[in-house]
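In what follows, a single structure is set out as structure tokens and then discussed.
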Amino acid sequence: MSNNDFRVRHGKLYSYLETKDYGEIVFGCPPGIVKEFLRLKKPLPSKYIISSETFCDNLNNFDFEFIVYSYLFTRSPGSVVYAYCLPEQEKRFRSILNETLFGPRFDQLIESQSNKLLNEKCLNTKDKKNLRIFLRQNFAKNKTISLLFDNLLQEHSSQPIISKELQKFIEEKLLSKKKNILNTGIKNLPQKLTKIYQQCAQFQKELDLFSLTKEKDRNSFISKTVKFYHLEKSNSVLINGLENKRKKLKIQEFEPRTFKVFEGKVERCTVNLNHIASKNKKNKPKPIQIPFFGVTFIGVGSGFSSNKENSSVIIWSEGKGILIDVVANNNSILLNYGINKKDVNHVFLTHVHSDHDAGVLENLLEKRKTSVITSRVIYESFLRKSQALTSLSKKFIEKYVKFIEVEPYKKIKIPGFKNTFFEFDYSLHSIPSGRCTITYKRGETTKSISHSGDTKYDISKINAWYKKGAFTQTRKNGVLGFIWDSDLIIHDAGGGNLHTNYESLLHLSNKIKKKIFLVHQNGKPHPKSQLRYAIDGETIALIK
Ligand SMILES: [Zn+2]
Ligand SMILES: [Zn+2]
């Protein structure tokens, strides 16, 4: 046994141990770890030791999502990743993966979408409780109404027919025997329930297009991809030798984020994550000129692009910024552009994949109040995920978040702005995800910028899905439309199953193509590109 058989190397907020007999073992799990291994051109290791304390300097060290995505989407089927953690951390992991791999369960969608209904003034505490139980058990779980909706979509029934049929079913089959719900005094209850059901069922159809497994099989799906081993009472865990299974490596966390590694009784090395927590590379500042109305590209890459920051942009209006998605380490990135965080108080959270939401959590842990613009469904998913990531209570998290609710077909004026408006709609992705148009309008002047969010834009696929009954016609037109009228269009070009391929945008008219800036870039720009790839740090002013 030589010293070379146990070598500790340090990365950004993680360390990894190279061993001859046990393979590579990673300590810590920060955002960006997948990119770092891509940069090093090394295969992503399969063993991860999670510290009992998962945050270092308010930075998340529990970001397992992209490791799991890598194993699911880039490795051969059946590849397994190992997580060595506390039993309660496994529970938290599973909750996070539930939100990020599959999205909210159907009953959670129904409950989020019923928020207004559940808060109607006429309801007392008991009514609310009864209504919640009714929604969860009778409404969300009813198979017959679900089949009815499927059939109506397959027959391409018109919007009024779909509503009429659903409402008839709700009145006759679901409500007629439920006196305690009918007598609550809610006005137009069947109509309201019909609208809620239709929104959620349509949503579910779209999520199913990308679904990895059935709702009831989520847990076993996770178990097939991630094998969990628990650090027991002595805070230690055993790792078997790769070839000689009788050989055992014992890893013990003897202080938070500090581990000793033993082979038999012999201590081989120590891994200390505290050393690397505060090391932060300082880049040369590149201050930008803030426009009155325009955009700054903070990052333009996808979660798998090794040489680019994750996609995030600031839309400037009236000299103030709305950050679309917040990447990890966002504070130092913004400082680097000479941007004062005070000028960017609003965040539009498109969805809860960690390449988009990681920084919201950092703001929260720094106890900086952020206005989060998003839909109720996405916000509640974010709350569940943040609770699982941080173990903080919902109440604590909500103290530092000012939720600005948006929904499709409802333009709002953004609080704190005089002449700036926000329109929201859902994009097409594996979990609930949003897109938006932000408009500045004063007198004769109107300028707008739109953002596709993470989305699968592919006309032929969308038409084929429509034929199979995945959308109502209204929704199909919605998915294909909405953002093309803007003066500047920021579009996903991540490719693969969940993102738009560069080629899918080429049929658009030259007038539209000239306005497009591609983000969520994966790999090199297309040679002879007809569309513009956004550049990190670039600012475009529509009104100076
Ligand atoms: Zn995504
Ligand atoms: Zn993404």
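The figures follow:
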read-out: For segment 290-346, the Rg and Dmax computed from alpha carbons only, in angstrom; value: 11.1, 34
read-out: Fraction of beta bridges assigned by DSSP in the chain that are antiparallel (%, nearest 5); value: 65
read-out: Difference of contour (0.36 nm per residue) and Cα-Cα distance, Arg368 to Ser158; value: 70.9 nm
read-out: About the Cα centre, charge dipole magnitude for the chain (Lys/Arg +1, Asp/Glu -1 at Cβ), debye; value: 620
read-out: Amide H contacts under 5 Å for His351, placed H, 5+ residues apart; value: Gly434
read-out: Environment charge of Asn419, counting only residues whose C-beta is closer than 10 Å and scoring Lys/Arg +1, Asp/Glu -1; value: +3
read-out: Over the chain, relative contact order from alpha-carbon pairs under 8 Å, at least 6 apart, %; value: 15
read-out: For segment 20-175, diffusion coefficient by Stokes-Einstein and Kirkwood Rh (Cα), 37 °C, 0.692 mPa s, µm²/s; value: 165
read-out: Farthest positive-ward along segment 172-233 dipole, Cα basis, beta-carbon charges - from Phe221, Leu182, Tyr197; value: Leu182
read-out: Within segment 106-208: Cβ-based charge dipole about Cα centre, in debye rounded to nearest 20 (Lys, Arg +1; Asp, Glu -1); value: 640
read-out: Computed Kirkwood radius, in angstrom, where 1/r is averaged over Cα pairs of the chain; value: 25.1
read-out: Pairs beyond 31 Å (Cα-Cα), from Lys41/Lys394; Lys461/Lys513; Lys42/Lys284; value: Lys41/Lys394
read-out: Segment 293-543: relative contact order in percent, alpha carbon pairs under 8 Å with at least 6 residues between; value: 19
read-out: Partner aspartates and glutamates for Lys456 [C-alpha distance under 15 Å; skip if fewer than 8 residues away on the same chain]; value: Glu206, Asp208, Asp425, Asp492, Glu503
read-out: Value of Rg/Rh across segment 293-543 [Cα atoms, Kirkwood radius]; value: 0.94
read-out: Relative packing of peptides 351-358, 54-61, 299-306 - highest average C-beta neighbours within 10 Å first; value: 351-358, 299-306, 54-61
read-out: Candidate lysines for bridging to Lys247, where Cα separation is under 18 Å - those fewer than 8 sequence places away on the same chain excluded; value: Lys20, Lys47, Lys260, Lys265
read-out: Segment 236-323: GluC sites (Glu not before Pro) falling in loop per DSSP and having at most 11 other Cβ within 10 Å; value: Glu243
read-out: Overall dimensions of segment 106-208 as given by Cα atoms, namely Rg and Dmax in Å; value: 13.3, 41
read-out: Under 18 Å from the Cα of Lys441 - lysines, other chains or at least 8 residues apart; value: Lys320, Lys410, Lys411, Lys413, Lys418, Lys544
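None of the figures in this text is laboratory data; all of them are computed from the coordinates on show. The model shown is predicted, which means the values in this text are computed figures rather than measured ones. In this analysis, Cβ positions are derived from the backbone assuming ideal geometry, glycine residues included, and neighbour counts consider all displayed protein chains.
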